[in-house]
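One structure below.
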Amino acid sequence: MDQATTARNLELQRQWYGAPLGEHCRDLCALFGVTQSGLAEVIGISPAMLSLVMRGQRARIANPDAAARLSALLHLAHEVRAGSVPPDAVAHRLAEVRSSRTPGQDSLGAAVPTALPAEGGGLTPEADLRFVRRLRELLTSTSGTVDLLDAADLVAARHPGLAEILRTCGAGRADEAVALVRRLIG
């Protein structure tokens, strides 16, 4: 993987998670006293996949349950630092995270809509956001963000609208994707 792709993935991680996932994961390992393999086990992904994400070779964890567990670990870390979770309860909370499953959430933690809005019925702002997050999940379920951006570049000359959807809904900021969806189906 080239440096430009890695840099783009790390920038996407900063946008989505506030910092590169490598920083977050190293922090979690140190705080909870686990190895990278142990962290991967709690999250529910292979150590190799966690390594790819940490190095920026993948922009994010595509599995919604694993992404939700990572989010839960980040929240737990905040609680531990704030003192609201005593040290002797951390192991139990880690076990709870490991066994958790969050049905109905996408990999960014948003609820997945069970149906598209009725034709002509419009979307609420919350439904717009859920829709674009679900669309992103669908787009990235078989291709990484970098692949979507590359595909957008390939089709841009002949299909600029499709390229815009791939770029914005597959790899752009959520607010930009919502604006695009509103414009397209509004």
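The values are calculated or read from the model by the stated rules, or taken from the named source; none is laboratory data. Everything numeric in this text was worked out from a predicted model, so none of it was measured. Neighbour counts are summed over all protein chains in view; Cβ atoms, including those assigned to glycine, are modelled from backbone coordinates with ideal geometry. For accessibility, only protein heavy atoms count, side chains too; no ligands or nucleic acids. Shrake-Rupley method; radii C 1.70, N 1.55, O 1.52, S 1.80 Å.
Out of curiosity, is ASP27 more than 20 Å from the chain's Cα centre (by Cα) and surrounded by fewer than 16 Cβ atoms within 10 Å (Cβ to Cβ)? Taking the combined requirement at face value, the residue does not satisfy it.
Scanning for something under 24 Å from ASP150 (Cβ atoms) and at pLDDT 90 or above, does the range 32-39 turn up at least one residue?
We begin by selecting, within the range 32-39, every residue under 24 Å from ASP150 (Cβ atoms); these are none.
No, the conditions are met nowhere in the range 32-39.
Look through the range 15-24, keep the residues that are open to solvent by less than 80 Å² (accessible area, probe 1.4 Å) and outside any loop (DSSP other than H, G, I, E, B), and return whichever of them is farthest from SER71 (Cα to Cα).
Our first condition is that a residue be open to solvent by less than 80 Å² (accessible area, probe 1.4 Å); within the range 15-24, this holds for 16-22, 24.
Now restrict to residues that are outside any loop (DSSP other than H, G, I, E, B): 16-17, 21-22, 24.
Numbers: TRP16: 11, TYR17: 9, LEU21: 11, GLY22: 14, HIS24: 10 Å.
Among those that are open to solvent by less than 80 Å² (accessible area, probe 1.4 Å) and outside any loop (DSSP other than H, G, I, E, B), it is GLY22.
Given the condition under 27 Å from ASP2 (Cα atoms) and touching a Gly at 6+ places or on another chain (Cβ under 7 Å), answer yes or no: does some residue in the range 45-55 qualify?
As a first pass, look at the range 45-55 and keep what is under 27 Å from ASP2 (Cα atoms): 45-55.
After this cut, where a residue has to be touching a Gly at 6+ places or on another chain (Cβ under 7 Å) as well, the list is 54-55.
Yes, there is a match, as at least one residue in the range 45-55 is under 27 Å from ASP2 (Cα atoms) and touching a Gly at 6+ places or on another chain (Cβ under 7 Å).
Restricting to helices (runs of 4 or more DSSP H) lying wholly in the range 85-186: which have 2 or more residues that are at pLDDT below 85? Even if it seems obvious, please write down each step before you answer.
Working: elements: 90-99, 125-140, 145-155, 160-171, 174-185.
Output list reads 125-140, 145-155, 160-171, 174-185.
Looking only at residues in the range 4-14 that are in contact with a helix residue (DSSP H, G or I) (Cβ under 9 Å, 6 or more places away or on another chain) and within 23 Å of HIS75 (Cβ to Cβ), the one that is surrounded by the fewest Cβ atoms within 10 Å (Cβ to Cβ) is LEU10.
Can you confirm whether the range 57-74 contains a residue that is closer than 18 Å to GLY144 by Cβ, β-branched (Val, Ile, Thr) and open to solvent by less than 60 Å² (accessible area, probe 1.4 Å)? Lay out the reasoning, then the answer.
Here is the first cut: in the range 57-74, the residues closer than 18 Å to GLY144 by Cβ are 57-64, 66-67, 70.
Pick out the ones that are also β-branched (Val, Ile, Thr) and you get 61.
Applying the additional criterion that residues be open to solvent by less than 60 Å² (accessible area, probe 1.4 Å) yields 61.
Yes: the range 57-74 contains one or more residues that are closer than 18 Å to GLY144 by Cβ, β-branched (Val, Ile, Thr) and open to solvent by less than 60 Å² (accessible area, probe 1.4 Å).
Failed condition for LEU52, given (1) outside any helix (DSSP H, G or I); (2) more than 13 Å from the chain's Cα centre (by Cα); (3) within 26 Å of GLY172 (Cβ to Cβ), with all others met? Only one criterion in (1) outside any helix (DSSP H, G or I); (2) more than 13 Å from the chain's Cα centre (by Cα); (3) within 26 Å of GLY172 (Cβ to Cβ) is unmet by LEU52, namely (1).
Check ARG8, ARG81, ARG69, ARG98 and return the single one that is among the charged types (D, E, K, R) and under 23 Å from ARG130 (Cβ atoms). Don't jump to the end; show me each part of the working.
Values: ARG8 fails: under 23 Å from ARG130 (Cβ atoms); ARG81 fails: under 23 Å from ARG130 (Cβ atoms); ARG98 fails: under 23 Å from ARG130 (Cβ atoms).
Every option except ARG69 fails the conditions.
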